[in-house]
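Coordinate-derived values only; no laboratory data. These numbers were taken from a predicted model, which means no experiment stands behind them. Note that each Cβ is placed from the backbone with ideal geometry, even for glycine, and that neighbours are counted across all protein chains shown.
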Amino acid sequence: MVDLVFFYGTLMRPFNWTARLRVDEHLMYVGRGSIAGALFDLGIYPAAVPASDAQVWGELFRMAHPAIVLPQLDEFEGCRSEEPESSLYTRALTPVLLEDGRTVDAWAYFYNAPLGRAERIHSGDYLQHLRIGQ
């Protein structure tokens, strides 16, 4: 099983949600990277959707125990693999381009509901959009 997961929103380190979900001890930060996708601001969290003409920036983590971490993340993201059509987010294996030029496959969560009037984040970087860490 793939043991890498990519976060681009409120699961990134500045927000501390992985600690609240009690999966922090099973995650090791690997580095920053990007996936192919378009990023939108839904107000309280972002949404990435697959797109070949844009990049979404985020953080890559190695999971010590994917069987423990992924079910917790699925629940947090409203991802139900047995009912993907009614899931808020779907989990997919996707290539991540790391800052050092390597490409690895990791799990990422893509938004699976109407975007409505959500603002597009053209930089593809949620932290930059919120001006965190600048």
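Points worth noting:
- Selected from PRO14, LEU88, PRO71, residue furthest toward positive end of dipole (the stretch 10-134; charges at beta carbon): PRO14
- Subtracting the Cα-Cα distance of GLU75 and LEU130 from 0.36 nm times their residue separation leaves 17.3 nm of extension gain.
- Every helix of 4 or more DSSP H residues in the chain counts as -39500 (n - 2.57), and over all residues that averages to -4000 deg cm²/dmol at 222 nm.
- Bridge orientation summary for the chain: considering DSSP beta bridges with both residues in this region, about 95 percent are antiparallel.
- Charge tally in the Cβ shell below 12 Å around GLY33, where Lys, Arg are +1 and Asp, Glu are -1, GLY33 excluded: -3
- For percent of Cα pairs over 28 Å apart, calculated from these coordinates, the label among (1) 9; (2) 31; (3) 14: (1)
- Subtracting the Cα-Cα distance of GLU25 and HIS65 from their residue separation scaled by 0.36 nm leaves 13.4 nm.
- Cut-off 11 Å (backbone N to label point 7 Å along Cα→Cβ of THR103), residues of the stretch 2-44: 36
- Lys, Arg +1 and Asp, Glu -1 on Cβ, resulting dipole of the chain about Cα centre, debye, nearest 20: 300
- Highest mobility in the GNM of the chain, judged by mean-square fluctuation with C-alpha springs under 10 Å and restricted to GLY31, GLY101, GLY78, is found for GLY101.
- Relative contact order for the stretch 4-124: 31 percent, from Cα pairs under 8 Å spaced at least 6 residues apart, divided by residue count.
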